[in-house]
């Protein structure tokens, strides 16, 4: 997921790991990928999965996305919604 430059391979890896998103090691891998990911659609996929797990460790990553002036409207919207989901346990 983190080592392949092909976006299709990255999405396939995320899809394969999504069934194990409740596992701490998978969440850590998703957070690591989210931190370095440049593609909005992959970031959105990761954010949605992490929000479903309600992992509070995601919040600093979402804040970073929200404070970045270069963040797209769609990514900003997803980060905002996911932050609300995580906070409202």
Length-normalised contact order for the range 7-87 - Cα pairs under 8 Å, 6+ apart - percent: 30 percent
Full-stretch length increase - residue 69, residue 87 - with 0.36 nm per residue and alpha-carbon distance subtracted: 4.2 nm
Cβ crowding within 10 Å averaged over residues, with 58-65, 46-53, 7-14 ranked highest first: 46-53, 58-65, 7-14
Calculated over the chain: convex hull of Cα atoms, volume per residue (Å³): 81 Å³
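Bear in mind these aren't lab numbers, they're just calculated from the coordinates by the rules spelled out. Keep in mind that this is a model prediction, so the values were computed, not measured. Ideal geometry is used to build each Cβ from the backbone, glycine not excepted, and the neighbour counts take in all protein chains shown.
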